[in-house]
Amino acid sequence: MPVRAHLAEFRNRLIWSVVGLAAGSVVGWFLFEPAFEALQEPVLAITADPSSLVSINFAGLATALDMRVKVSVFLGLIISSPWWLYQVWAFLAPGLKGKEKRYSLGFMAAAIPLFAAGIALAWIVFPHAVQILTEFRPEGTSQLLDAQLYLTFVMRLFIAFGLAFVFPVVMVALTWARLVAVRTWLKGWRWAVLLIFVFAAVMTPTPDAVTMIVMALPMCGLYFGAIGIGALGARSRRSEVE
């Protein structure tokens, strides 16, 4: 496929992804109330202690509306994840052979649960991260959390976890599409492990190393598992050629 055709295909898939995101955001608009209650639950848990004065603050006149829009888009990203994940695969699929294209169902069956697993892990880490970060305030002081900054922190945390768990599936797709060779992934394994542990350290701001390791090890396993699956696909292709 020529470069111009690749760019046209990328544009089309991007447009369809945005359409799916918009539809999911409409649903997210009506789910704002329960979602916001869940997101502020860690803050409410902290304020249950009379000695802790922490609350979410809406500083501007339009901040509440702006936050509702952003939460709706955030929920839309999660709700429409099966759709835009399919668009990612559909963009990569033209580089695959007929037999490999039949793995589309397998791609979706792996990507969607992995994205959900990343979101679930972020949900587990999220309350602990909020609690630990707010404990750094001096004793006897209160802390007003800017609603915009708080939401940005939450969105980055959840999306980063979700995409980190989906990346191994993208690795397999890139390998099968001959865009990245298996040996390239193998040569970069040291950097990959380092980046995974750095990512885990940043995303789990707890003082103990156990939490970081518990998060990093599954991601390392997914990385090497993706290399193995990609290698099997490449070997199968060579066998068919021979």
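The values are calculated or read from the model by the stated rules, or taken from the named source; none is laboratory data. Nothing here was measured: the structure is a model prediction, and the numbers come from that model. Side chains are part of the model used for accessible areas, which takes the heavy atoms of the whole protein and leaves out ligands, DNA and RNA. Shrake-Rupley method; radii C 1.70, N 1.55, O 1.52, S 1.80 Å.
For the range 168-180, backbone phi angles converted through the Karplus equation (6.51, -1.76, 1.60; θ = phi - 60°) give residue-by-residue couplings of x, 5, 5, 4, 4, 4, 5, 5, 5, 7, 6, 8, 9 Hz, Gly and Pro being listed as x. Computed over protein heavy atoms with a 1.4 angstrom probe, the accessible surface ordering of T175, T152, largest first, is T152, T175.
Computed from phi, the 3J(HN,Hα) profile of the range 77-83 under the Karplus parametrisation 6.51, -1.76, 1.60 (θ = phi - 60°) reads 4, 6, 5, 8, 4, x, 6 Hz, with x in place of Gly and Pro. Under 5 Å between amide hydrogens, built in the peptide plane, is the criterion, and for N57 it picks out L145, D146, A147 among residues at least 5 positions away or on other chains. Taking every pair of alpha-carbon atoms in the range 106-194, give the share separated by more than 18 Å as a whole percent. Of the Cα pairs, 61 percent sit more than 18 Å apart. By the Cα gyration tensor, the range 143-187 has an equivalent ellipsoid whose semi-axes, rounded to whole angstrom, run 36, 9, 7 from largest to smallest.
Couplings 3J(HN,Hα) of the range 107-116, computed from phi: 4, 5, 5, 8, 5, 5, x, 5, 4, 5 Hz, in residue order, whole Hz [Karplus 6.51 cos²θ - 1.76 cosθ + 1.60, θ = phi - 60°; x for Gly and Pro].
Report, as a whole number in µm² per second, the diffusion coefficient that Stokes-Einstein gives for the range 132-237 at 4 °C and 1.567 mPa s using the Kirkwood radius over alpha carbon pairs. Approximately 81 µm²/s, per Stokes-Einstein. Full extension of the chain between T152 and A116 gives 11.0 nm of extra length, using 0.36 nm per residue less the Cα-Cα distance.
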